[in-house]
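Everything on this sheet refers to the single structure shown next.
The values are calculated or read from the model by the stated rules, or taken from the named source; none is laboratory data. From a predicted model like this one, the values you see are computed outputs, not experimental measurements. With ideal geometry, Cβ positions are generated from the backbone for all residues, glycine too; neighbour counts draw on all protein chains shown. Note: areas computed on protein heavy atoms with side chains; ligands, DNA, RNA excluded. Shrake-Rupley method; radii C 1.70, N 1.55, O 1.52, S 1.80 Å.
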Amino acid sequence: MEINGEFLEETVRELRQYFRSGSTRSVTWRKNQLTALLDLVHKNEDAISESLYQDLGKHPVEAFRDEIGAIGKSATYSLSCVEKWMAPKKSDIPLLFFPAKGEVLAEPLGVVLIFSSWNFPIMLALDPLIGAIAAGNVVVIKPSEQAPACSSFLANTIPRYLDSNAIRVIEGGAAVSQQLLLHKWDKIFFTGSPRVARFVMSAAAKNLTPVTLELGGKCPAILDSLPNPSDFKLAVKRIVGGKWGPCSGQACIGIDYVLVEEKVSSHLVELLKKIIRRFYGDNPIESKVISRIVNKQNFTRLCNLLKDPLVAASIVHGGSVEEKHLFIEPTILLDPPLDADVMTEEIFGPLLPIITVNKIGESIEFINSRPKPLAIYAFTKDETLKRRILTETSSGSVTFNDTMVQFLCDTLPFGGVGQSGFGRYHGKYSFDTFSHEKAVMHRSLCLEIEPRYPPWSKFKLEFLRLAYKLNYFGLLLHILGLKRYK
Amino acid sequence: MKSLFLVSFLAPSAPVGSRPFSQHLTTKCFGKQLHFHSRCVLFSSYTCSATLSVVPDLQEKETFDGEKASLLLKDLRKTFNSGKTKSYEWRISQLEGIAKMLEEKEKEILDALNKDLSKPGLEGYISEVSQAKSSCSEALQELKHWMKPEKVKTSFTTLPSSAEIVSEPLGAVLVISTWNFPFLLSMDPVIGAISAGNAVVLKPSEIAPATSSLLANLIEGYLDNSAIRVVEGAIPETTALLEQKWDKILYTGSARVGRIVMAAAAKHLTPVILELGGKCPAVVDSDVNLQVTARRIIGGKWACNSGQACISVDYIITRKEFAPKLINALKEELKQFFGEDLMESKDMSRIVSPTQFSRLVKLLDEDKVSDKIVFGGQRDEMKLKIAPTIILDVPDDAMVMQEEIFGPIMPIITVENIEDSFGIIKSKPKPLAAYLFTNNEQLKKAYVENISSGGMLINDTVIHVATRGLPFGGVEESGMGCYHGKFSFDSFSHKKSVLYRSFDADSSLRFPPYTPEKEKLLKAIFSGNIIRIILTLLGWS
């Protein structure tokens, strides 16, 4: 299908008209669409797995854990809560305004645009969609062209399950994105890199469109010297799971690097090697358990990170690459130079630098001297260190003693801060992100407080002074002329 | 350079127009010394502002450029990074400083408002000082509660674990305020920014110069200047500020400038709150208590800074046969409020500036409009006064119906059926507020459901923004983001998710090598169905 300006113009016009018809506002519509989305995911598990395998070499279990299962869970949760979320929130009104009532009503924003990313091409397209539907919007999804199988899966399957009057998929690359950004949207939800995010937000500014930006950053894992060997082993296992597990490190909340005390670094490296071998076998390329690099461009970028001679010298495990299969072995770097690209850019791949510090507390300063990450992971039993990490660093989220699982927690908002983005979603937060909270106040036409109005007098000023202090007794005295003034 | 800039910042500014920057003199006398001991000046200058204030006003105006803005920000970041502003005690001490300032300087504030807008003292008190006071006292009262991490339930998938959401300050934030409520719209966001523990720069509007300079003075005197500053100025100063990387920008003003602010913010990925305006309609049904309705409309138009308010009633829609009654009631009540000669009333604000005055006059003098005036229309260019003016049934393509009026002109649009008003409102960009006067429950319900606006108030005007517990903010052309009370705190905070896990009960399920059994169990767990999980574990599914 040829995407041109005219086509888009027409699409947006149709969608807006449909939104105006009010069809998407009803609870029934929202619930139907969420149910249909669940149906889509359940009935197409194999097709989704297949697309993910084609685009990224994702193993079906990994695909289920990170995408299919997670989407199902998220949609089920929204389905069960949407009615509750839609209910107006009552708010207390001071007696002064009696009789009155106040409430906050969530209303849909209108026509929203979702840009998803290639690393979790199904999850990052459908999870925001769940929020947009729950909030009653009409939606255009622009999947990433860098995961073409998933993109075309979405484009082909969504119209078969969901209301095409309200939910459309538009495929394409940068040119299509630019075209899309020329239109006026009521919200833009973007997942991707800070560089592109700047374009998106600048374009949004022209129409005063609010944006949610889900970006990334170098997410550190702080590994304290846990005295109990089994704790330490478990921590390392979870680090491996949080580095190579999700899409071979191509994840915005994946671990970017590990901070550890010098004295345990060699032990850490040994354990890492052992667990990598256990998870991925002696020949990881053969294992099929680990995703490949998404495309040639990213493959080259990652290889270039390793080409720096000082970085190459720091490799203590792995380092082999295979261009034909776009595969890079799980690679561990011990203390690479801090000014090398591998430590200044987000890695977004299967390379794990280990940075040693003298005292684990120094990692706080290390993290603070860099842009705010989307996630910080810390393995420690030291409550003081936990406290310090919590209060002295800033990041989208902090997870103690595990990796990645915060993403699955519907009750926690997911979103960045600073360079890792702004706005948040998941569960109720997705609903809020795609809603406008309208403040509504009801008054009756009887009972009037005269001092609100001119002509102004001293009596009125004193009345208001007491009223704003909510000093009702004082007010009574004042009205009766019994109050004394200094 | 650095030291000069700091001195210029710390020098208390006073009279309108020319600020007594002391650096000219200081440079002349101690230029070299300052140059070599810039660091020393940096610290000492915080304490020596009192001595500087006696330095006579001999300066030319020093421009505030990008370089200075960047130095200022560096300074604030240093304070922020020290962690000082994060503590509950610091926040409380600053809020108390504001409370004290409001208590002690009420007269000065009201005088400044009067100078800038001829705002009557009582109106200034009601709409600005008292609002700032209640905002500040709410923050003082609730801060501990707001700062508490919010515990949340965790799901089955991540058991065993506990989770909470921690509010942390964003960093250094910029508040760009406006001239119509120059005091409140400066202090209210600043109160929010401080409550959330941020360092903050306030840029008051140069169009209300007396209040701007008063704010610069008061904030310097009452608050911690290592974290809270005022930069006075117009476009060049704002541009210099906008070039910097802030952690949040709150802008109050027009949609046109809102776009510029957001585009500038995009370069640094800075989130923004835009408080804009729009044409706020008031729909008046025919079953209402006329007198109360008229008074409340006047209260939300002419008694509200002469209509120069973003939430002020912009136009009225009513039924054709009801319009004459409503107009009569408005005339009657206007006289009750402001006396026989409306132009002479001391109880009404004037138009802020000659620019705004001529803009409003142009709206009135348009051909399609000038013969529709049914009340008022008088103007006095010298005093910048325009009488409360009612115009009946102007065509929709008249400028007065196309742009936000922001002044004492009130168009009344008549319709056959009151429901026809919905179409008119929806044909325009979403307003910041929408009002409805009726006793008809069905109409109320339809209005609330069908009309989209920032806030909505049934049977009254304006007071919803003074109501605790309601967010204040627009949608679409009327802005994005919201503040007031807890919402201010939230807007200036980052909500950090924190998940605590233990080392117990680890499941190898999540980890490779992946097996069909793992897949099955994983599916059972995600389904959240406990029986399915048990069956799977037992190998029976």
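Which residues, taken from segment A:74-91, are among the small types (Gly, Ala, Ser), more than 12 Å from chain B (Cβ to nearest Cβ) and touching a residue at least 24 places away in the same chain (Cβ under 8 Å)? Answer for segment A:74-91, where residues must be among the small types (Gly, Ala, Ser), more than 12 Å from chain B (Cβ to nearest Cβ) and touching a residue at least 24 places away in the same chain (Cβ under 8 Å): just A:SER78. Only one of the listed residues (A:GLU62, A:GLU83) is part of a helix (DSSP H, G or I) and touching a Ser or Thr at 6+ places or on another chain (Cβ under 9 Å). That residue is A:GLU62.
Looking at B:LYS335, B:LYS267, B:LYS301, B:LYS346 in this structure, which one is in contact (Cβ under 8 Å) with a residue 40 or more places away in the chain, over 14 Å from B:PRO411 (Cα atoms) and within 14 Å of another protein chain (Cβ to nearest Cβ)? Residue meeting the stated conditions: B:LYS346. All conditions but one from (1) assigned to a loop (DSSP other than H, G, I, E, B); (2) open to solvent by 10 Å² or more (accessible area, probe 1.4 Å); (3) within 14 Å of another protein chain (Cβ to nearest Cβ) apply to A:ASN165; the one that does not is (3). The single condition among (1) free of Cβ contacts under 8 Å to residues at least 60 places away in the same chain; (2) open to solvent by less than 10 Å² (accessible area, probe 1.4 Å); (3) assigned to a helix (DSSP H, G or I) that B:ILE194 does not meet is (1).
Among the residues of segment A:92-103, those identified as facing chain B (nearest Cβ under 7 Å) and either modelled with pLDDT of 90 or more or buried (at least 16 other Cβ atoms within 10 Å of the Cβ) (or both) are A:ILE93, A:PRO94, A:PHE97, A:GLY102.
Checked against (1) on the phi > 0 side of the Ramachandran plot; (2) under 36 Å from the mean Cα position of the chain (by Cα), A:GLY481 meets all criteria but (2). Does B:SER421 satisfy the criteria of being out of contact with any Gly (no Cβ under 7 Å at 6 or more places or on another chain), in contact (Cβ under 8 Å) with a residue 12 or more places away in the chain, within 14 Å of chain A (Cβ to nearest Cβ) and buried (at least 17 other Cβ atoms within 10 Å of the Cβ)? When the stated conditions are applied, B:SER421 does not pass them. Over 30 Å from A:THR76 (Cα atoms), touching a Ser or Thr at 6+ places or on another chain (Cβ under 8 Å), more than 10 Å from chain A (Cβ to nearest Cβ) and open to solvent by less than 10 Å² (accessible area, probe 1.4 Å) - does that describe any residue in segment B:123-130? Checked against the condition, which is being over 30 Å from A:THR76 (Cα atoms), touching a Ser or Thr at 6+ places or on another chain (Cβ under 8 Å), more than 10 Å from chain A (Cβ to nearest Cβ) and open to solvent by less than 10 Å² (accessible area, probe 1.4 Å), segment B:123-130 yields no hits at all.
Considering only segment B:474-485, state which residues are facing chain A (nearest Cβ under 8 Å) and surrounded by 24 or more Cβ atoms within 10 Å (Cβ to Cβ). Give the derivation first.
At the first step, the residues of segment B:474-485 found to be facing chain A (nearest Cβ under 8 Å) are B:475-477, B:479-482.
Within segment B:474-485, B:VAL475, B:GLU476, B:GLY479, B:MET480 qualify.
Each residue in segment A:371-394 was checked for being touching a residue at least 60 places away in the same chain (Cβ under 8 Å), within 11 Å of chain B (Cβ to nearest Cβ) and not in a loop (DSSP other than H, G, I, E, B), and 6 of them qualify. For segment B:132-145, the tally of residues that are over 15 Å from B:GLU103 (Cβ atoms) and either charged (D, E, K, R) or crowded, with 18+ Cβ neighbours inside 10 Å (or both) stands at 5. Among the conditions (1) of a type outside the set (Val, Ile, Thr); (2) at pLDDT below 95; (3) within 30 Å of A:THR209 (Cβ to Cβ), the only one that B:PRO281 does not satisfy is (2).
Kindly establish whether B:VAL448 is of a type in the set (Val, Ile, Thr), open to solvent by 10 Å² or more (accessible area, probe 1.4 Å) and over 26 Å from B:VAL475 (Cα atoms). No; evaluated as a whole, the condition is false for this residue.
On the given criteria, is A:GLY415 within 30 Å of A:LYS84 (Cβ to Cβ) and buried (at least 24 other Cβ atoms within 10 Å of the Cβ)?
Details: within 30 Å of A:LYS84 (Cβ to Cβ): yes; buried (at least 24 other Cβ atoms within 10 Å of the Cβ): yes.
Spelling it out, A:GLY415 is indeed within 30 Å of A:LYS84 (Cβ to Cβ) and buried (at least 24 other Cβ atoms within 10 Å of the Cβ).
Of the helices (runs of 4 or more DSSP H) that lie entirely inside segment A:395-486, those containing 1 or more residues that are more than 18 Å from A:SER78 (Cβ to Cβ), touching a Gly at 6+ places or on another chain (Cβ under 8 Å) and more than 7 Å from every other protein chain (Cβ to nearest Cβ) span A:458-468. For B:ILE311, the conditions (1) closer than 16 Å to A:TYR453 by Cα; (2) within 13 Å of chain A (Cβ to nearest Cβ) all hold with the exception of (1). Residue check, A:ASN368 against (1) open to solvent by less than 30 Å² (accessible area, probe 1.4 Å); (2) among the polar types (S, T, N, Q); (3) within 11 Å of another protein chain (Cβ to nearest Cβ), all met but one. Which one? Just one mismatch for A:ASN368, condition (1). A count restricted to segment A:212-252 and to residues that are open to solvent by less than 10 Å² (accessible area, probe 1.4 Å) and in contact with a strand residue (DSSP E or B) (Cβ under 6 Å, 6 or more places away or on another chain) stands at 12.
Could you list, in sequence order, the residues of segment B:304-329 that are among the small types (Gly, Ala, Ser) and either within 14 Å of B:VAL288 (Cβ to Cβ) or open to solvent by 10 Å² or more (accessible area, probe 1.4 Å) (or both)? Break it down stepwise before answering.
First, the residues of segment B:304-329 that are among the small types (Gly, Ala, Ser): B:306-307, B:309, B:312, B:323, B:329.
Across segment B:304-329, the qualifying residues are B:ALA323, B:ALA329.
Mind checking which residues of segment B:460-473 are part of a loop (DSSP other than H, G, I, E, B), within 7 Å of another protein chain (Cβ to nearest Cβ) and crowded, with 24+ Cβ neighbours inside 10 Å? Hits for segment B:460-473 are B:ASP460, B:LEU470.
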